[in-house]
1. Answer yes or no as to whether Ser115 is out of contact with any helix residue (DSSP H, G or I) (no Cβ under 8 Å at 6 or more places or on another chain), farther than 20 Å from Glu6 by Cα, among the polar types (S, T, N, Q) and open to solvent by 40 Å² or more (accessible area, probe 1.4 Å).
2. When you look at Val5, is it β-branched (Val, Ile, Thr) and open to solvent by 30 Å² or more (accessible area, probe 1.4 Å), yes or no?
3. Which of the following residues is more than 20 Å from Gly9 (Cα to Cα), at pLDDT 95 or above and not hydroxyl-bearing (Ser, Thr, Tyr): Asn73, Asn83, Asn96, Asn58?
4. Give the residues of the stretch 27-46 that are open to solvent by 30 Å² or more (accessible area, probe 1.4 Å), touching a strand residue (DSSP E or B) at 6+ places or on another chain (Cβ under 6 Å) and either hydrophobic (A, V, I, L, M, F, W, C) or closer than 13 Å to Tyr98 by Cα (or both), sorted by residue number.
5. Within the stretch 96-115, take every residue that is on the phi < 0 side of the Ramachandran plot and among the small types (Gly, Ala, Ser) and give me the one that is nearest to the chain's Cα centre (by Cα).
6. Take residues that are of a type in the set (Phe, Trp, Tyr) and either under 18 Å from Glu46 (Cβ atoms) or touching a strand residue (DSSP E or B) at 6+ places or on another chain (Cβ under 7 Å) (or both) and tell me which of the strands (runs of 3 or more DSSP E) falling wholly in the stretch 65-115 contain 3 or more.
7. Within the stretch 56-75, take every residue that is under 20 Å from Ala24 (Cβ atoms) and small (Gly, Ala, Ser) and give me the one that is surrounded by the most Cβ atoms within 10 Å (Cβ to Cβ).
8. Is it the case that the stretch 76-92 has a residue that's open to solvent by 30 Å² or more (accessible area, probe 1.4 Å), more than 11 Å from the chain's Cα centre (by Cα), closer than 14 Å to Val5 by Cα and not basic (Lys, Arg)?
Amino acid sequence: QVQLVESGGGLVQAGGSLRLSCAASGSSFGFNVMGWYRQAPGNLRELVAQITPSGATNYADSVKGRFTISRNNAADTVYLQMNSLKPEDTAVYYCNVYQAGVDYWGQGTQVTVSS
């Protein structure tokens with residue numbers, strides 16, 4: 001059973017930085033696409049960034065140039081470095097893995113950016 005454990009959320013002032021981590025377990029063959037999504041109150045969950053095992057990345061337009069996704073395949077871990085944070089980045093951030101046709105989600109970690 002795939003499990004995802006996130007860490008690194010918190011409260012930060014606008015312009016600050018946070019780094020999220022997500023440790024995946026439950027696959028003997030590594031993980032396919034890993035990514036981060038976020039959901040603000042009253043909004044739908046939206047893609048923030050994705051990364052393939054070879055390191056190809058995809059970002060939402062709203063975070064390009066400010067956020068960086070990376071992964072450590074040996075440790076089955078994905079990271080999200082968030083710089084120049086804005087109040088509109090406030091949301092619950094969810095780690096995601098798409099594996100064997102199934103979407104798996106972490107429990108979510110709250111990121112709050114104060115103005």
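The values are calculated or read from the model by the stated rules, or taken from the named source; none is laboratory data. Being a predicted model, the structure only gives us computed values, none of them experimental. Cβ sites come from the backbone with ideal geometry, for glycine too, and all protein chains shown count toward neighbours. Keep in mind that these areas ignore ligands, DNA and RNA; they rest on the heavy atoms of the full protein, side chains included. Shrake-Rupley method; radii C 1.70, N 1.55, O 1.52, S 1.80 Å.
1. On the way: out of contact with any helix residue (DSSP H, G or I) (no Cβ under 8 Å at 6 or more places or on another chain): no; farther than 20 Å from Glu6 by Cα: yes; among the polar types (S, T, N, Q): yes; open to solvent by 40 Å² or more (accessible area, probe 1.4 Å): yes.
Taking the combined requirement at face value, the residue does not satisfy it.
2. Criteria met by Val5.
3. Values: Asn73 fails: at pLDDT 95 or above; Asn83 fails: more than 20 Å from Gly9 (Cα to Cα); Asn96 fails: more than 20 Å from Gly9 (Cα to Cα).
So the residue among Asn73, Asn83, Asn96, Asn58 that is more than 20 Å from Gly9 (Cα to Cα), at pLDDT 95 or above and not hydroxyl-bearing (Ser, Thr, Tyr) is Asn58.
4. Once the filter is applied, which keeps residues that are open to solvent by 30 Å² or more (accessible area, probe 1.4 Å), touching a strand residue (DSSP E or B) at 6+ places or on another chain (Cβ under 6 Å) and either hydrophobic (A, V, I, L, M, F, W, C) or closer than 13 Å to Tyr98 by Cα (or both), the stretch 27-46 yields Asn32, Val33, Tyr37.
5. Within the stretch 96-115, the first condition is being on the phi < 0 side of the Ramachandran plot, and the residues that meet it are 96-99, 102-107, 109-115.
From what's left, among the small types (Gly, Ala, Ser): 106, 114-115.
On the way: Gly106: 10, Ser114: 20, Ser115: 22 Å.
Among those that are on the phi < 0 side of the Ramachandran plot and among the small types (Gly, Ala, Ser), it is Gly106.
6. Working: elements: 67-72, 77-82, 91-99, 102-105, 109-114.
Once the strands (runs of 3 or more DSSP E) in the stretch 65-115 are filtered for at least 3 residues that are of a type in the set (Phe, Trp, Tyr) and either under 18 Å from Glu46 (Cβ atoms) or touching a strand residue (DSSP E or B) at 6+ places or on another chain (Cβ under 7 Å) (or both), what remains is 91-99.
7. Only one residue fits best here, namely Ser70.
8. Narrowing the stretch 76-92 to residues open to solvent by 30 Å² or more (accessible area, probe 1.4 Å): 76, 79, 81, 83-84, 86-88, 90, 92.
Keeping just the survivors that are more than 11 Å from the chain's Cα centre (by Cα) gives 76, 83-84, 86-88, 90.
Right, trim to closer than 14 Å to Val5 by Cα and you get 76.
Okay, now just the ones that are also not basic (Lys, Arg), so 76.
Within the stretch 76-92 (the criterion being open to solvent by 30 Å² or more (accessible area, probe 1.4 Å), more than 11 Å from the chain's Cα centre (by Cα), closer than 14 Å to Val5 by Cα and not basic (Lys, Arg)), the answer is yes, since at least one residue qualifies.
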